[in-house]
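The values are calculated or read from the model by the stated rules, or taken from the named source; none is laboratory data. Note that the coordinates shown come from a computational prediction; the quantities given were computed from them, not determined experimentally. Glycine also receives a Cβ, built like all others from the backbone with ideal geometry; neighbour counts cover every protein chain displayed.
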Amino acid sequence: MSYDVAAVRACFPALRAGAAHFDGPGGSQVPESVAAAVAATMTAPMANRGRTTEAERNADDVVLAARQAVADLVAGDPGGVVFGRSMTQLTYDLSRVLAAGWGPGDEVVVTRLDHDANVRPWVQAAQARGATVRWAGFDPATGELAPEAVGELLSDRTRLVAVTGASNLIGTRPDVAAISDLAHDAGALTYVDGVHLTAHAAVDVATLGADLYACSPYKFLGPHLGCVVASPGLLETLRPDKLLPSTDAVPERFELGTLSYELLAGTTAAVDFLAGLGGPEGARRPRLEAGMAALEEHEDRLRERIEVGVRALPGVTVRSRARTRTPTLLLTFEGRDAADAYRFLAARGVNAPAGSFYAIEASRHLGLGDTGGLRVGLAPYSDDTDVDRLLAGLGEWLDT
Ligand SMILES: Cc1ncc(COP(=O)(O)O)c(C=O)c1O
């Protein structure tokens, strides 16, 4: 199906400020409908969740709708959608709960491709329990994380494999399904960081083999919060610390305190916006699949344009090389500092930040220390004019 980027752009009030946004991997711009849903929730009668008053029902309905929306987004079970402040917070919480049963001799596998939010919580949880951490490296030349690099670390003592669905630094999309198969054969759980992936592809948690799948709505056009999707059956087996009067039901057991109803309404609106890319009518999941496929095609075409364009510029290296990847490129410059390019472009209204973006292990593994490079990320509202501005700006900077 075709992708009408002009119609998409018209829905984003922030774009009227005029910048070309290549900073989506850090957090996307937000459609009007998302902001409107947040505002509507804040001005409607609201109370704590319940079914007695209208205000209670409104709060309850918002929560249930958001669980269903996220479940549709990743083909999960709404009864296993846990919300929290951020992916980082939820991963720390879950790492402590999951690690409660670990001890000396147990092992956890993390990768050097991952954002630190899917590394450090597991490393620290393992340390606290006397368990062993095994590190899977990726090939710095190709950016590929081979399933075998994880497979060779597994044993019958492996309790969990933490792996990214896609790298927020270089875009690599590892074969998570193959990694999950290996992990499951060894009797381990998989914790998949879908924060970067969810913004760029139709996700099916069962196909990925993700026992726990984490994502963050603010990366896919929604508000700032995080969610983890798992099967309710798995969540039932876990016992987080909780207040005595708070419910023991799943998934609420993991949601400490009162949820942000307004942000949940915004999350539902963001999922509906993505579904709208696949057509105005019909069940949400098939529209999401069609819409994300159309988006992927659009973003891949622009990514290729950028790659061809930067190849013509002197001294620019594209660090993103994996066969399967998101439209997120990391650029480095011979003898030049990426942070200079970032500032130069920013002064021209082109937002492409430099850094390692908390993917610190990946940046070091690429030989870029903690400095990283210039990250150029595409989003649903990116268009050819943005790409023209980026390439012209980089060309000008390289001439200085
Ligand atoms: C791949 C990836 N994982 C995890 C995170 C952390 O997400 P949050 O800000 O929701 O904690 C980010 C944020 O940049 C990310 O890009």
- line: For segment 87-98, pairs from a residue that is in the same structural domain as R159 (by TED's automatic domain parsing) to a residue that is aromatic (F, W, Y) and surrounded by 18 or more Cβ atoms within 10 Å (Cβ to Cβ), with Cβ under 7 Å and 6 or more apart or across chains, are D93/F254; S95/W122
- prompt: If you take just the helices (runs of 4 or more DSSP H) that sit entirely in segment 1-75, which of them hold at least 1 residues that are farther than 29 Å from D383 by Cα?
  reply: 32-43, 54-74
- prompt: Quick one: what pairs do we get from segment 382-400, first residue under 14 Å from V8 (Cα atoms), second surrounded by 12 or more Cβ atoms within 10 Å (Cβ to Cβ) and among the basic types (K, R), C-beta under 8 Å, 6+ apart or different chains?
  reply: D383/R9; D384/R305
task: Considering only segment 172-222, state which residues are of a type in the set (D, E) and buried (at least 24 other Cβ atoms within 10 Å of the Cβ).
output: D193
Yes/no for L98 being under 15 Å from V192 (Cα atoms), away from the ligand (no atom under 16 Å from the Cβ), at pLDDT 95 or above and not in a strand (DSSP E or B): yes
query: Which ones in segment 74-95 are among the hydrophobic types (A, V, I, L, M, F, W, C) and within 16 Å of the ligand (Cβ to nearest atom)?
result: V74, V81, V82, F83, M87, L90, L94
task: Would you tally the residues in segment 126-144 being closer than 19 Å to A186 by Cβ and either assigned to a strand (DSSP E or B) or out of contact with any Gly (no Cβ under 8 Å at 6 or more places or on another chain) (or both)?
output: 7
statement: Residues in segment 189-206 that are under 22 Å from E236 (Cα atoms), touching a helix residue (DSSP H, G or I) at 6+ places or on another chain (Cβ under 9 Å) and more than 10 Å from the ligand (Cβ to nearest atom) total 6
field: Residue check, A59 surrounded by fewer than 18 Cβ atoms within 10 Å (Cβ to Cβ) and farther than 24 Å from A186 by Cα
entry: no
- request: Please identify the pairs in which a residue from segment 208-235 that is closer than 26 Å to A379 by Cα and of a type in the set (S, T, Y) has its Cβ atom under 6 Å from the Cβ atom of a residue that is within 11 Å of the ligand (Cβ to nearest atom) and outside any helix (DSSP H, G or I), counting only partners at least 6 apart or on another chain.
  value: Y213/V192; Y213/G194; S216/V195; S216/G226; Y218/G27; Y218/H224
query: Of all residues in segment 13-28, which are in contact with a strand residue (DSSP E or B) (Cβ under 6 Å, 6 or more places away or on another chain) and not acidic (D, E)?
result: A19, A20, H21, F22, G24, P25
query: Which of the following residues is touching a strand residue (DSSP E or B) at 6+ places or on another chain (Cβ under 8 Å), over 26 Å from D4 (Cα atoms) and without any contact (Cβ under 8 Å) to a residue 12 or more places away in the chain: R343, R311, R319?
result: R311
- line: Okay, helices (runs of 4 or more DSSP H) sitting entirely in segment 284-370 with 3 or more residues that are modelled with pLDDT of 95 or more, crowded, with 17+ Cβ neighbours inside 10 Å and of a type outside the set (A, V, I, L, M, F, W, C), I get 284-311, 360-365
Segment 257-284: number of residues that are touching an Asp or Glu at 6+ places or on another chain (Cβ under 8 Å) and within 12 Å of V70 (Cα to Cα): 3
Flag for L182 being over 17 Å from A99 (Cβ atoms) and away from the ligand (no atom under 11 Å from the Cβ): yes
message: Is it the case, given these coordinates, that T385 is surrounded by fewer than 24 Cβ atoms within 10 Å (Cβ to Cβ), more than 25 Å from the chain's Cα centre (by Cα) and hydroxyl-bearing (S, T, Y)?
response: yes
task: Could you list, in sequence order, all residues of segment 15-73 that are among the polar types (S, T, N, Q), more than 16 Å from the ligand (Cβ to nearest atom) and closer than 24 Å to G278 by Cα?
output: S33, Q68
query: Where residues in segment 118-135 are within 16 Å of the ligand (Cβ to nearest atom) and among the hydrophobic types (A, V, I, L, M, F, W, C), which of them is farthest from D181 (Cα to Cα)?
result: V123
- line: The condition from (1) away from the ligand (no atom under 15 Å from the Cβ); (2) charged (D, E, K, R); (3) surrounded by fewer than 23 Cβ atoms within 10 Å (Cβ to Cβ) that R112 misses is numbered (1)
